[in-house]
Amino acid sequence: MKIFISADIEGVTTTTSWDDCDNESGSYSLHATQMTDEVLACIQGAKNAGATQIVVKDAHDSATNIDPTRMPSGVSLLRKWSGHPYSMAEGVDKSFDAAMFIGYHSAAGRGGNPMAHTINGGGIYSIRINGKIASEFTIYSWACALEGVPTVFLSGDKTLCEDYKDLHPKLVTCAVKDGIGATTVNYSVEDTLKNITELSEQALKQNLKNALASLPKRFEIEVEYKKQALAYEATWYPGVTRKNDHTVTFESDNYFEVLRTIKWII
């Protein structure tokens, strides 16, 4: 069994503020270690379920957060960014049996995490696909689906897990914290690692027949920026139309084109 894991940091158990996720901050190393530990818990669950090949995409900021010296046998780690439109799901292809997402967070425009954002924390108020708020999990788990790879596991904040529990037919979720305004309710690290391992194994031991999500036939994308200048700049990308001073839209029936457009306008 070959498994793909994408990992972020704003949705790991311990993080509360942007400083926690910034590699120039004094608190960062603690949380990068926790990100590594949560990935390792997922790897253990996958191995318990029979995985023999695992690829991990470090998908936060510089993409150099996970400790490569702690990756066990049979695990490859993708670090930094090549510029491919799959971005946080870069490395996934048709050879994988399933995808898993660790440390993901609520979408821009939603509560449940003080660091809720989608791709560009400083620039985006919200992204909607076919009228629904889209998270990074939405966007990049659908990239996996485009390759024919079912997404079966998600860990992150409670709001994210509740918002997208039905996005994939056999998705198993693991909430590791909650958020109220600028406050986080951080769950026990010990409990979180145990839960991630057990639920990751459970997710992969399901009968994965019919686990693949059906992508929409048509994609209508709406991006609302915090600054009108960003919306104006985005309209120069082919196919992008300005809806109002802060919002642009584009449509496609090709999800790769959606990912490519998102790559360049966000």
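Would it be correct to say that PHE219 is open to solvent by less than 50 Å² (accessible area, probe 1.4 Å), aromatic (Phe, Trp, Tyr), without any contact (Cβ under 8 Å) to a residue 60 or more places away in the chain and out of contact with any Phe, Trp or Tyr (no Cβ under 6 Å at 6 or more places or on another chain)? Answer is no for this residue.
The residue list LYS227, LYS205 contains one member that is under 26 Å from ALA41 (Cα atoms) and open to solvent by 100 Å² or more (accessible area, probe 1.4 Å), which is LYS205.
Residue count for segment 132-148 under the criterion of being of a type in the set (A, V, I, L, M), open to solvent by less than 10 Å² (accessible area, probe 1.4 Å) and within 16 Å of CYS161 (Cβ to Cβ): the result is 1. Only one of the listed residues (ASP166, ASP157, ASP178) is within 19 Å of the chain's Cα centre (by Cα), surrounded by 21 or more Cβ atoms within 10 Å (Cβ to Cβ), acidic (Asp, Glu) and at pLDDT 95 or above. That residue is ASP157.
For every residue, the table says whether it meets (1) open to solvent by 10 Å² or more (accessible area, probe 1.4 Å); (2) in contact (Cβ under 8 Å) with a residue 24 or more places away in the chain.
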| residue | (1), (2) |
| --- | --- |
| SER25 | yes, no |
| CYS42 | no, yes |
| GLY74 | yes, yes |
| SER95 | yes, yes |
| ASN130 | yes, yes |
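Taking segment 139-155 as the range and being of a type in the set (Phe, Trp, Tyr) and farther than 21 Å from ILE127 by Cα as the test, only PHE153 passes. Note on segment 170-266: enclosed helices (runs of 4 or more DSSP H) holding 2 or more residues that are in contact with a helix residue (DSSP H, G or I) (Cβ under 7 Å, 6 or more places away or on another chain) are 189-205, 255-265.
The values are calculated or read from the model by the stated rules, or taken from the named source; none is laboratory data. This is a predicted model, so every value here is computed, not measured. Don't worry about glycine lacking a Cβ; one is built from the backbone with ideal geometry, like all the others, and counts go over all protein chains shown. Just so you know, the surface numbers come from the protein's heavy atoms only, side chains and all, with ligands and any DNA or RNA stripped out. Shrake-Rupley method; radii C 1.70, N 1.55, O 1.52, S 1.80 Å.
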